[in-house]
Amino acid sequence: MKQAKVLRVYLGDPLLAAARAGKQNFCNRIVRAFAGIGYRVEFRPNTAEERESSGDRRGYSLYQVDMPGHENALTFRKAYIAPFWQIDQTVERWEWHVARSEFDPANVDPETAQDFVERTRERVFPDLPAPTTDGYIYIPLQGALTTRRIFQTLSPVEMIEATLAYDPRPIVVTLHPNEDYSAEELSTITGLAKKHSRLTLDTGGMEKYLPGCDMVVCENSAVAFNGYFLKKKAVLFSQIDFHHIASNVPQLGVAEAFRHAAEAEPAFDAFLFWYLQKMSINAGRKDAEERILAAVQRCGWKV
């Protein structure tokens, strides 16, 4: 059966309302890209029922931050900061095309990269103070503090204990302000803070703690990616798509990752330019439509 020339984009609020009103730039670029090759684009609510029905509809489907459920579906999400986006075959970011691609700083012009990073930092983080190294490690926590998930080397609590064991510096641990932690999780983490005098516990506070830290230790928090803009090294305990210049525990092991972090000189500017400008879709650039079509074709769509 011939493929219907329809693309349905499944969006959550408030993105859905903005897209339908023509006020969401990336969605506008999707419309232009597919209209240019004869497709009609529909914006639909990103509900379980809508996604389940999408497999029975002719045409292609794009889900916002949800796992594709059939061969004609892909997922998309913001690449940490606007106006950069990724389109891929899975929500598991460590399996994304960018995660599996090799980064070579020699292929990036250093002056171009530096200019890009400075301008982007001023735009995205205008209120962050100039970075310093005040002698502490920053550990921004996410969820499931006592559970080791399949993409993690250690649970978040075990990660903190490993950091205490392998690095002598003070540690600032922050709970995620949007996570709903259980009483058991909170008891465990506060117990660690009481047991170790060099461990400080807080909630949120990226703007407070990121500029002054020596490095970021986390599972795969976006805070580590943001830290690259401030030239903060990262030790990652989980798989993720921005692992290339981090000290990667899944690859190196705990002891070697901390040793590597002490000696590494990451190419922060070159990596950020490569990840955002070369490997992501910049919805503000003239080639956005071309890159959108190239991304879905790389993922197997016959458009």
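Give Trp96, Trp85 a once-over and let me know the one that is open to solvent by less than 40 Å² (accessible area, probe 1.4 Å), within 25 Å of Lys278 (Cβ to Cβ), modelled with pLDDT of 95 or more and in contact with an Asp or Glu (Cβ under 6 Å, 6 or more places away or on another chain).
Numbers: Trp85 fails: in contact with an Asp or Glu (Cβ under 6 Å, 6 or more places away or on another chain).
Of the residues listed, the single one that is open to solvent by less than 40 Å² (accessible area, probe 1.4 Å), within 25 Å of Lys278 (Cβ to Cβ), modelled with pLDDT of 95 or more and in contact with an Asp or Glu (Cβ under 6 Å, 6 or more places away or on another chain) is Trp96.
Kindly check whether there is at least one residue in the range 82-96 that is aromatic (Phe, Trp, Tyr) and either part of a loop (DSSP other than H, G, I, E, B) or on the phi > 0 side of the Ramachandran plot (or both). Lay out the reasoning, then the answer.
First, pick out the residues of the range 82-96 that are aromatic (Phe, Trp, Tyr): 84-85, 94, 96.
Those left that are additionally either part of a loop (DSSP other than H, G, I, E, B) or on the phi > 0 side of the Ramachandran plot (or both): 96.
Scanning the range 82-96, I find at least one residue that is aromatic (Phe, Trp, Tyr) and either part of a loop (DSSP other than H, G, I, E, B) or on the phi > 0 side of the Ramachandran plot (or both), so the answer is yes.
Quick check on my filter: what residues within the range 19-33 are among the aliphatic types (A, V, I, L, M) and open to solvent by less than 30 Å² (accessible area, probe 1.4 Å)?
Taking the range 19-33 as the starting set, the residues that turn out to be among the aliphatic types (A, V, I, L, M) are 19, 21, 30-31, 33.
If the condition is that a residue be among the aliphatic types (A, V, I, L, M) and open to solvent by less than 30 Å² (accessible area, probe 1.4 Å), then Ala19, Ile30, Ala33 are the ones that fit.
Please work out if Asp241 is crowded, with 22+ Cβ neighbours inside 10 Å and either without any contact (Cβ under 8 Å) to a residue 24 or more places away in the chain or part of a loop (DSSP other than H, G, I, E, B) (or both).
Working: crowded, with 22+ Cβ neighbours inside 10 Å: yes; either without any contact (Cβ under 8 Å) to a residue 24 or more places away in the chain or part of a loop (DSSP other than H, G, I, E, B) (or both): yes.
So Asp241 fits the description; yes.
Tell me, please, whether a residue that is at pLDDT 95 or above, surrounded by 22 or more Cβ atoms within 10 Å (Cβ to Cβ) and within 25 Å of Ala165 (Cβ to Cβ) can be found in the range 189-198.
Taking every residue of the range 189-198 in turn, none turns out to be at pLDDT 95 or above, surrounded by 22 or more Cβ atoms within 10 Å (Cβ to Cβ) and within 25 Å of Ala165 (Cβ to Cβ).
Restricting the first residue to the range 114-130 and requiring it to be over 18 Å from Asn282 (Cβ atoms), which pairs with a second residue that is assigned to a helix (DSSP H, G or I) and open to solvent by 60 Å² or more (accessible area, probe 1.4 Å) meet a Cβ separation below 7 Å and a spacing of at least six or different chains?
Asp127/Glu207; Leu128/Glu207
Taking the stated definitions as given, is Leu276 under 15 Å from Ile81 (Cβ atoms), surrounded by fewer than 23 Cβ atoms within 10 Å (Cβ to Cβ) and touching a strand residue (DSSP E or B) at 6+ places or on another chain (Cβ under 8 Å)?
yes
Identify all residues within the range 250-263 that are in contact (Cβ under 8 Å) with a residue 12 or more places away in the chain and out of contact with any strand residue (DSSP E or B) (no Cβ under 6 Å at 6 or more places or on another chain); write none if there are none. Break it down into steps so the answer makes sense when it comes.
Step one: list which residues in the range 250-263 are in contact (Cβ under 8 Å) with a residue 12 or more places away in the chain, which gives 250, 254-255, 257-258, 260-261.
Those that are in contact (Cβ under 8 Å) with a residue 12 or more places away in the chain and out of contact with any strand residue (DSSP E or B) (no Cβ under 6 Å at 6 or more places or on another chain): Pro250, Val254, Ala255, Phe258.
To keep it simple, each residue is scored yes or no on (1) in contact with a helix residue (DSSP H, G or I) (Cβ under 9 Å, 6 or more places away or on another chain); (2) small (Gly, Ala, Ser).
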residue	(1), (2)
Thr120	yes, no
Arg123	no, no
Asp127	yes, no
Asp134	no, no
Ile137	yes, no
Thr146	yes, no
Ile150	no, no
Ser155	no, yes
Ile160	yes, no
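The values are calculated or read from the model by the stated rules, or taken from the named source; none is laboratory data. All values derive from a computational prediction rather than experimental measurement. Heads up, the Cβs are rebuilt from the backbone with ideal geometry, glycines too, and the neighbour counts pull from every protein chain shown. All accessible areas refer to the heavy atoms of the entire protein, side chains included, with ligands and DNA or RNA removed. Shrake-Rupley method; radii C 1.70, N 1.55, O 1.52, S 1.80 Å.
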